[in-house]
Amino acid sequence: MSTTKNSPAINSICDFNNTITITLSCTDGFRVELSSLGAAIHGVFCPVSGGRLQNIALSYYDKKEYLSNGLYAGATLAPAAGRISNGILPIDKAHCPGTNSAKKSGLYHLSRNENSCHTLHGGYHNASFQNWDLTAAQSTENQAQAVFSCHLPDGLDGFPGNRELTAVYTLYPDHRLSVRYEARTDQDTYFNLSNHTYFNLFGDFNRPAHHHLLQIQADHFISNQPDFIPEHTSLTADTPFDFRIPTSVHNQLCDYPDYPQLLRNQGYNHGFILKRSKQISQTASLLTSGVPDLTCTLPDHSLTMRVWSDAPCMVFYSGGYIPSGLLLREKQLSCPGCAYAFEFQDYPDAPGGHGFPYILTAPGETWSREIIYHFS
């Protein structure tokens, strides 16, 4: 497929509540729909047999559902994906020896928006529900790109620092979608941005997606306590968490029906510590860093999604808590397990004292993360 024949394009419309919908598309029909609300992915449309386009990203039928969006469907998770236990964020050298000296130090108390116990995805006023600014939108023969930005003031939900966030979506002619996040601050603070798109490569959200084949490059996974806070790290070998070769999720669930972690989490909602063939540098392309961190494919291999990231961990959520009966695009009705989220991020609850690396960002530094999806 030549670049010229499949040159990406971009268009935008003003949507509800002053939000903007941006579409990045290729001339063969492949397209990604983005929204300024949460700098989110609202659809990924892939050409399938018969020339049809199939949406493989969980999307609401009524866009106003994104205003509450309890699933965080498609949203950018910011300023910190996942949970921070007890809403306590340490900002000092004693808890994080590698950081520069802080203007302020000590323990910061964050808003606890999960059962009044923990901070989830950044607290009550996280960026997943904010209307980001569209700061750039452009296309060339080789790519189409949309750039969103968001400001989080010092003290919002207890986090220190006036923070500037950027989300850059870039679509290439070969159906690669790069999602790059950057963040800056005027005080030492913690960033851990990710994306929360749910995928079902069948495009059928009326039933569980468990017949997908997954390959996850991880020798270790992180067990959860009942409240999803890390418990301990274990080997994936000889467990239902072993996806080192392409493996059916359905078969794993059937082979381990009484596995405590699966029962406790209604399936998978666990961190996988990613294993890479070589170190990823700041300047090297992720595509040259080795095999994909994640490969998700249909049983007949008619559609495959490969994902690379420079994040150290990936939380695989098999959607066990997705409620039944949500009205989705094409008037499909959701059910538990109908789509999977793959959240590339830091180690779960890195600030919580579990022995995982915990890195702060200082004034003058730029925090960054990239996730590359390739659909074929």
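We did not get these values from a lab; they are worked out from the coordinates using the rules stated. All of these numbers come straight from a predicted model, not from anything done at the bench. Because the Cβ atoms are built from the backbone with ideal geometry, glycine has one as well, and the counts that use them run over all protein chains shown.
Need one word for the range 129-230: rounded, prolate or oblate. Basis is the Cα gyration tensor (sqrt eigenvalues a ≥ b ≥ c); a/c below 1.5 gives rounded, then a/b vs b/c decides. Judged from the Cα gyration tensor, the range 129-230 comes out oblate (a/c at least 1.5, b/c at or above a/b). Give me the extension gain from ILE13 to VAL291: residue separation times 0.36 nm, minus the current Cα-Cα distance, reported in nm with one decimal. That pair, ILE13 and VAL291, stretches by 96.4 nm at full extension. Ranked by the mean number of other Cβ atoms within 10 Å of their residues, highest first, the peptides 316-329, 200-213 come out as 200-213, 316-329.
Each peptide in 159-169, 242-252, 187-197, 61-71 receives the mean, over its residues, of other Cβ atoms within 10 Å, and ordering these scores from highest gives 187-197, 159-169, 242-252, 61-71.
Dipole magnitude for the range 224-376: computed about the Cα centre from +1 point charges on Lys and Arg Cβ and -1 point charges on Asp and Glu Cβ, it is near 340 debye. Considering only CYS117, HIS250, PRO299, the residue lying farthest towards the positive end of the dipole of the range 9-375 is PRO299, judged by Cα position with unit charges set on Cβ.
Cα gyration tensor of the range 283-361, axes a ≥ b ≥ c as square roots of the eigenvalues: rounded (a/c below 1.5), prolate (a/b > b/c) or oblate? It is oblate, given that a/c is not under 1.5 and a/b is not larger than b/c.
Counting only Cβ charges, +1 for Lys and Arg and -1 for Asp and Glu, the dipole size of the chain around its Cα centre is about 340 debye. With the simple model of a label 7 Å out from the Cα in the direction of the Cβ, SER248 to GLU65 spans 2.9 nm. Could you compute the FRET efficiency for SER116 and HIS220, with r as their C-beta to C-beta distance and R0 at 25 Å, rounded to 0.05? FRET efficiency, SER116 to HIS220: 0.20. Helical runs assigned H by DSSP (4 residues or longer) give the chain a calculated mean residue ellipticity at 222 nm of -500 deg cm²/dmol, each run adding -39500 (n - 2.57) before division by the residue total. For the chain, a Gaussian network of Cα nodes joined below 10 Å ranks PRO90, PRO173, PRO226 by mean-square fluctuation, and the top entry is PRO226. Figure legend: label point modelled 7 angstrom from the Cα of ASP300 along Cα→Cβ; residues of the range 39-56 with amide N under 14 Å from it are 48-52. The mean sequence separation of alpha-carbon pairs under 8 Å and at least six residues apart, normalised by the residue count of the chain, gives a relative contact order of 18 percent.
Summarising the amide proton neighbourhood of ASN11: residues at separation of 5 or more, or on other chains, whose placed amide H is nearer than 5 Å comprise THR23. Along the axis of the charge dipole computed for the chain (Cβ charges of +1 for Lys and Arg, -1 for Asp and Glu, origin at the Cα centre), the listed residues ILE229, HIS175, ASN131 are led at the positive end by HIS175.
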